[in-house]
Amino acid sequence: MTRDRHGSAVIEYPSALEILTTREFDAPIGLVFDVLTKPEHVRHWFAPFEDTMTVCSIDLRVGGKYHMVFVTSDGTECSFRGTYLEIEAPTRIVDTWLFEGWPGADAVETVELQESGGVTKVTMNLAFRDQAGRDHMTRTDGQEDSWDKMEDYLGSLVDASRPIG
Amino acid sequence: MSISEYVGVMARASTTSDVFNAVADVHRRQILDVLITGERAVGAIVDELSLSQPQVSKHLRVLSEVGLVSNRAEGRRRLYRLQPEQLAPLHDWVTTYERAISDRMDRMDDYLTDLQRQGDGSDA
């Protein structure tokens, strides 16, 4: 008999620019990973009402992109997109994250999965980029917006400890 | 949580993102931390944080533009003060965001339960 985990998501703020969500699911890690990453599954839970998801495109590989759009009852479009930076099935996904209604606030999302006794714990860390870091990237980027450079820069943000005040 | 609440917050996103962008700089957050303790002149902020005066002035300008700080003249000095009520939209966003995330995890949970009941198993 599984317990009711509704409302059990824990949301914390490790720093001023990070949102860390932890949630456990009574399911094996492989299934949870699939439900997180396959469009045919994501369509069923991502949007507040499942039948209003208009775009659910996921290219699950390093450098691949995702794009999720749902439409609210009054016709407002909510669009999320990003690029995958790291994928280690079934334990880790790192991607860039942008909600298009909020252009200034791009972030790096790190999702980690860990199973113990049939319960999979999922942690999702959303780390918004620091303004100074973004300015730095723009200065050193040179000409155009190169995905390779962004990948290196964001990868270093994910790996190194960030000096967020 | 109703969808209209969720959308209302997202629709205010452009306003919120200005405050967010203002706060998304470590030096500006340090300046706000100084001003939490009271009004300060630019020189006092410079001394307390060991930033350069042009840097502090630039950051104060950004913070003023989004209404997070205000200033008044006192003699020849200009004193800056934190306007914390401007952080309220950010706080509202956070609260609504938390509910949206929690609800989304609950939907994922229900979906996983349904999938397993149907006997799809793992590695589908």
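The values are calculated or read from the model by the stated rules, or taken from the named source; none is laboratory data. Remember, predicted model here, so these are calculated numbers, not experimental data. In this analysis, Cβ positions are derived from the backbone assuming ideal geometry, glycine residues included, and neighbour counts consider all displayed protein chains. Ligands, DNA and RNA are excluded from the accessible area calculation, which covers all protein heavy atoms including side chains. Shrake-Rupley method; radii C 1.70, N 1.55, O 1.52, S 1.80 Å.
For this structure, a couple of remarks:
A quick yes/no check of all residues on (1) touching a residue at least 12 places away in the same chain (Cβ under 8 Å); (2) crowded, with 17+ Cβ neighbours inside 10 Å; (3) not polar (S, T, N, Q):
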| site | (1), (2), (3) |
| --- | --- |
| B:32 | yes, yes, yes |
| B:48 | yes, no, yes |
| B:54 | no, no, yes |
| B:62 | yes, yes, yes |
| B:80 | yes, yes, yes |
| B:89 | yes, yes, yes |
| B:92 | yes, no, yes |
| B:104 | no, yes, yes |
| B:108 | no, yes, yes |
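- Residue check for residue A:69: among the β-branched types (Val, Ile, Thr), open to solvent by less than 30 Å² (accessible area, probe 1.4 Å), part of a strand (DSSP E or B) and more than 10 Å from chain B (Cβ to nearest Cβ): yes
- In region B:64-71 there is no residue matching the filter, namely being open to solvent by 50 Å² or more (accessible area, probe 1.4 Å), under 19 Å from the mean Cα position of the chain (by Cα) and without any contact (Cβ under 8 Å) to a residue 12 or more places away in the chain.
- Residue satisfying condition, being in a helix (DSSP H, G or I), at pLDDT 95 or above and not hydroxyl-bearing (Ser, Thr, Tyr), within set B:62, B:56, B:34: B:56
- The set of residues from region A:14-28 being more than 9 Å from chain B (Cβ to nearest Cβ) and polar (S, T, N, Q) comprises A:15, A:22.
- Qualifying residue in region B:67-86 (condition: within 12 Å of another protein chain (Cβ to nearest Cβ) and aliphatic (A, V, I, L, M)): no
- Given (1) within 13 Å of chain B (Cβ to nearest Cβ); (2) in contact (Cβ under 8 Å) with a residue 40 or more places away in the chain, number of the condition residue A:93 does not satisfy: (1)
- If only residues of region A:29-58 that are part of a loop (DSSP other than H, G, I, E, B) and either open to solvent by 40 Å² or more (accessible area, probe 1.4 Å) or of a type in the set (D, E, K, R) (or both) are counted, the one that is nearest to the other protein chains (Cβ to nearest Cβ) is A:44.
- Conditions (1) surrounded by fewer than 16 Cβ atoms within 10 Å (Cβ to Cβ); (2) within 22 Å of residue A:101 (Cβ to Cβ): number failed by residue B:96: (1)
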